[in-house]
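The values are calculated or read from the model by the stated rules, or taken from the named source; none is laboratory data. Predicted model only: the values in this text are computed from it and were never measured. A quick note on method: Cβ atoms are made from the backbone with ideal geometry, for glycine too, and the neighbour counts reach across all protein chains shown.
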Amino acid sequence: MDDDFPGDIPPELAGLLLTVDLDAVAGNWRLLCDRLSKPCAGVVKADAYGLGLGPVARTLAAAGCTTFFVALAEEGLRLRRILPEARIFVLTGAMPGTERVLTEARLIPVLNTLEQAAAWLAHAPADAPHGLHVDTGMSRLGLPPEDIDALPAGFAPCLVMSHLACADDPGHPLNAAQLAAFTQARQRFPTAEASLANSSGVFLGTGYGFDLGRPGIALYGGNPTPGAPNPMRQVVTLEARILQVRHVDTPLTVGYGATHQCEGGTRLATVAAGYADGVHRALGNVGKGILGDQSVPMVGRVSMDLIVFDVTAVPAGLARPGQSITLIGPSHTADDLAAEAGTISYEILTSLGHRTARTYVGGP
Ligand SMILES: *Cc1c(COP(=O)(O)O)cnc(C)c1O
């Protein structure tokens, strides 16, 4: 197993096939920089949202991206091996005792609390760069603005950032409130680079640009402007291989709990993917796939390794073992599948498991 590439099961042995269009990732990064009129970092936490840290990070770097954000130091160490020159920020900051590990790998913690700031100054080399997260309305990570005055003397972040809670809802009043609070907070650190916008924030207007954008999901084709057409290029195709096709002559039920009843004259296709692969169990009886150019419904519950589709509407020649049903593609996106599962595309992509065969097209 390649250490930067966990999803390496051979496509011919896999039930679930993920194809990642790396040229689309690069195109999306350029589009986001253009929209913000500022450089953008690449947010590549959680194995680049499940798409593979190595291929995605190398693609972004080749496109001109020099700054990356990961959630955990461990992800930063992995990225450091892939991109020796990149500037890598760790959003969870410096957990106690990790100052040495971080500085040896030239990882830059985004410090979140007074305790983290004091520990960093006490234990990291004096010139080791550090960032600061100021909380402006998320109440998750970051220093409350009123604590800025209590930062230790000598604390000089190279980056000051905050995170928007409602950027995907442009009319939400919290956006303007966070913008105002961040504008004020960043004035306290005039020499630091400033960063506020995630993917949806990029589309709130160039006032949200500051010095650096921090998009994640839009790089990977998720719609940063829900309710409006998706401005991003599609990156992900996810296909599940058909194992078996059954012609139903007499009424019967499908799957655990017998939650779906089908009549005679139905054709059912069973695919080799299930909730253990990250196809959420909540999709049972509500999820859809694409076969040929037809939408086909999931019927019955999603099992650990198997899902059944009703393929009656599809010409028999198309629904055969070895062929695949598309779960994510141009006409049924990760956002669509997520909506059917009652979740967001972020969770769909980051749930894809290690049984998925990943294929990359394009890229450096
Ligand atoms: C995940 C994350 C991002 C990227 O968010 P998207 O909505 O995927 O663009 C940016 N900043 C922080 C602090 C994050 O945690």
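Is it the case that the stretch 250-270 has a residue that's crowded, with 18+ Cβ neighbours inside 10 Å and within 26 Å of the chain's Cα centre (by Cα)? No, every residue in the stretch 250-270 fails to be crowded, with 18+ Cβ neighbours inside 10 Å and within 26 Å of the chain's Cα centre (by Cα).
Can you find a residue that is under 28 Å from the mean Cα position of the chain (by Cα), within 16 Å of the ligand (Cβ to nearest atom), outside any loop (DSSP other than H, G, I, E, B) and closer than 20 Å to residue 69 by Cβ anywhere in the stretch 160-170? Checking the stretch 160-170: at least one residue is under 28 Å from the mean Cα position of the chain (by Cα), within 16 Å of the ligand (Cβ to nearest atom), outside any loop (DSSP other than H, G, I, E, B) and closer than 20 Å to residue 69 by Cβ.
Could you list all residues from the stretch 82-100 that are in contact with a helix residue (DSSP H, G or I) (Cβ under 6 Å, 6 or more places away or on another chain) and away from the ligand (no atom under 16 Å from the Cβ)?
Those that are in contact with a helix residue (DSSP H, G or I) (Cβ under 6 Å, 6 or more places away or on another chain) and away from the ligand (no atom under 16 Å from the Cβ): 82, 83, 98, 99.
A search for C-beta distances below 7 Å between a residue of the stretch 296-315 that is assigned by TED's automatic domain parsing to the domain that holds residue 277 and any residue that is small (Gly, Ala, Ser) and at pLDDT below 95, counting only pairs 6+ apart in sequence or on different chains, returns 314/292; 315/292. Quick check, is residue 92 under 30 Å from residue 228 (Cβ atoms) and among the β-branched types (Val, Ile, Thr)? In short, no.
Applying the criterion of being farther than 17 Å from residue 278 by Cβ and out of contact with any strand residue (DSSP E or B) (no Cβ under 9 Å at 6 or more places or on another chain) to the residues of the stretch 31-55, the residue that is nearest to the ligand (Cβ to nearest atom) is 31.
State all residues of the stretch 198-213 that are within 8 Å of the ligand (Cβ to nearest atom) and in a loop (DSSP other than H, G, I, E, B); if no residue qualifies, say none. The one that is within 8 Å of the ligand (Cβ to nearest atom) and in a loop (DSSP other than H, G, I, E, B): 198. Every condition in (1) part of a strand (DSSP E or B); (2) within 16 Å of the ligand (Cβ to nearest atom) holds for residue 348 except the one numbered (1). Filtering 8, 34, 23 for residues that are charged (D, E, K, R), free of Cβ contacts under 8 Å to residues at least 40 places away in the same chain, farther than 28 Å from residue 121 by Cα and surrounded by fewer than 21 Cβ atoms within 10 Å (Cβ to Cβ) leaves a single hit, 34.
Per-residue answers, yes or no, for (1) over 16 Å from the mean Cα position of the chain (by Cα); (2) within 16 Å of the ligand (Cβ to nearest atom); (3) surrounded by fewer than 20 Cβ atoms within 10 Å (Cβ to Cβ); (4) acidic (Asp, Glu):
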site	(1), (2), (3), (4)
57	no, yes, no, no
65	yes, yes, no, no
69	no, yes, no, no
80	yes, no, yes, no
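Counting the residues of the stretch 101-147 that are among the β-branched types (Val, Ile, Thr) and more than 16 Å from the ligand (Cβ to nearest atom) gives 2. Can residue 24 be described as closer than 29 Å to residue 289 by Cβ, away from the ligand (no atom under 14 Å from the Cβ), among the hydrophobic types (A, V, I, L, M, F, W, C) and modelled with pLDDT of 95 or more? The answer is yes for residue 24.
Residues are listed down the side, and each one gets a yes or a no for (1) in contact (Cβ under 8 Å) with a residue 60 or more places away in the chain; (2) assigned to a strand (DSSP E or B); (3) in the same structural domain as residue 164 (by TED's automatic domain parsing); (4) farther than 30 Å from residue 171 by Cα:
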residue: 215; (1), (2), (3), (4): yes, no, yes, no
residue: 230; (1), (2), (3), (4): yes, no, no, no
residue: 243; (1), (2), (3), (4): yes, yes, no, yes
residue: 257; (1), (2), (3), (4): no, no, no, yes
residue: 261; (1), (2), (3), (4): no, yes, no, yes
residue: 267; (1), (2), (3), (4): no, yes, no, yes
residue: 270; (1), (2), (3), (4): no, yes, no, yes
